Amino acid sequence: MPKNILIIEDNEVNRKLVEVILTKSGYAVLSATDAEEGISLARREHPDLILMDIHLPGMDGLSATRILKGEPSTMDIPIIALTALAMKGDEERSLEAGCDDYIDKPIRHQSLVDAVVRLLKTGGKTHA
Ligand code: MN
């Protein structure tokens with residue numbers, strides 16, 4: 001069975017890029033375009049890993065992370081924040097909110113795959 005990865009990202013180009021990279025790497029990919037949809041997919045499907053865009057319309061990725069990390073049914077799912085290199089403090093804020101790791105956008109193929117493999121292996125907290 002392939003590992004399931006949920007991507008929560010409002011930017012279509014980034015979302016499609018992540019879907020293509022992860023599908024080609026042998027993962028099954030679920031996607032959501034906002035926090036609410038992502039949270040309900042996470043509760044229902046319990047993916048092995050979540051990629052969380054920090055900047056989402058409506059509820060942001062930090063609040064969504066706090067919700068998921070606060071619920072017994074989803075708190076064990078590792079979360080990688082997708083942070084914007086230009087936005088100072090995104091990395092620190094995402095770790096404070098409970099994300100296990102982060103990668104900077106623009107997304108690079110190898111950094112994404114490396115972070116996913118690492119976090120699936122350790123189950124979380126590789127950047128703390
Ligand atoms: Mn965004």
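Only the Cβ atoms of Lys and Arg (+1) and of Asp and Glu (-1) were treated as charged; on that basis the dipole of the chain about its Cα centre amounts to roughly 380 debye. Rolling a 1.4 angstrom probe over the protein heavy atoms with all chains in place gives region 4-122 an accessible area of 46 Å² per residue.
Distances between placed amide hydrogens fall under 5 Å for V29 paired with I5, all partners being 5 or more residues away or on another chain. The amide H of Y102, built 1.01 Å from its N in the peptide plane, has A81 as neighbours under 5 Å, considering only residues 5 or more places off or on other chains.
The values are calculated or read from the model by the stated rules, or taken from the named source; none is laboratory data. Everything numeric here is computed off the predicted structure, so don't read it as measured data. Virtual Cβ from ideal backbone geometry, glycine too; neighbours counted across all protein chains shown. Side chains are part of the model used for accessible areas, which takes the heavy atoms of the whole protein and leaves out ligands, DNA and RNA. Shrake-Rupley method; radii C 1.70, N 1.55, O 1.52, S 1.80 Å.
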